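Just so it is clear, none of the values below were taken in a lab; they were calculated from the coordinates. Predicted model only: the values in this text are computed from it and were never measured. Cβ coordinates were reconstructed from backbone atoms using ideal geometry, including for glycine residues, and neighbour counts include every protein chain displayed.
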């Protein structure tokens with residue numbers, strides 16, 4: 001749950017309550033420890049109370065999981081529950097260390113404290129990631145889309161790039177493409193004959209739709225515009241070589257192993273293509289470069305999204321392990 005000016009009022013009561021609870025119990029423990037002249041253990045009254053409170057908080061923390069399946073009951077607003085989950089969870093860790101008298105003891109208490117500490121750390125990491133990653137995505141991924149739709153959008157970009165080249169320079173010489181105006185200019189070796197193959201187009205201007213990245217204040221995004229492009233036919237083969245170089249990257253992203261995944265190497269590649277093809281090809285090459293840039297944004301979004309969501313299974317797994325060890329600790333403490 002994010003902590004900013006908008007929801008500070010929601011966090012403040014829970015933060016104060018958790019701090020007073022933990023501070024009061026720890027202060028009581030320290031006073032009794034000074035009076036006793038040695039560190040009190042879990043069997044002492046202050047240590048026992050701290051342990052009971054810490055265990056109760058852990059039980060409360062685990063209620064967040066089943067609460068998600070009872071949302072229709074509208075028990076408590078999620079923002080209040082998450083704020084309490086955060087601050088009381090933080091308060092429970094020092095109480096657990098106070099309960100054991102800052103001594104790990106046997107194997108079970110040691111394992112419990114280690115896993116409990118890791119649980120709190122994983123929760124704090126998730127909390128920090130929820131603050132950092134959305135800002136990184138907003139700043140660095142203006143082409144952001146739904147992660148599950150990235151393969152579909154990437155495939156659409158491949159088709160758009162192919163259609164753009166076919167519209168401007170025509171298909172590669174000798175390759176077969178459909179001529180039906182109702183269909184897109186995609187390869188189809190089953191519905192056309194050898195006599196329907198095309199040669200490169202002439203230098204007559206072609207009107208196409210291009211995408212461009214525009215910035216308005218803090219907002220960056222891709223806009224569409226129309227352009228009349230005239231390409232010298234002698235550069236057509238070079239342009240198709242550029243497309244073939246980037247095609248696998250547009251489809252698969254960094255999984256393709258293409259050098260286009262590296263922005264510096266991609267910039268050098270497109271700069272070389274511009275110098276070879278001449279200024280008349282600049283707009284077309286710019287459009288292909290923007291498709292690659294958008295695919296790099298998708299790669300970054302997938303990576304950041306994985307960081308944003310993959311911490312939660314780790315946190316839940318550790319929490320379950322801590323709860324099981326807590327039950328075992330209570331059982332052995334009562335029995336022995």
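Numbers below:
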item	result
Virtual spin-label span in nm between residue 321 and residue 102, 7 Å along Cα→Cβ	2.7 nm
Rounded FRET efficiency, nearest 0.05, which uses the C-beta distance separating residue 152 from residue 128 and R0 of 35 Å	0.65
At R0 = 51 Å, FRET efficiency that the Cβ-Cβ distance of residue 6 and residue 241 yields, to 0.05	0.45
Label-point gap, in nm, between residue 111 and residue 160 - each point 7 angstrom along Cα→Cβ	5.4 nm
Extension gain, residue 65 back to residue 275 (0.36 nm per residue minus Cα-Cα distance, nm)	69.7 nm
FRET efficiency, residue 139 to residue 335 (Cβ-Cβ, R0 51 Å, nearest 0.05)	0.35
Exposure proxy order (Cβ contacts within 10 Å, fewest to most) of 58, 246, 52	52, 58, 246
Relative exposure of 104, 323, 332, judged by other C-beta atoms within 10 Å (fewest first)	332, 104, 323
Neighbour-count order for 147, 128, 292, 50, fewest beta carbons within 10 angstrom listed first	128, 147, 292, 50
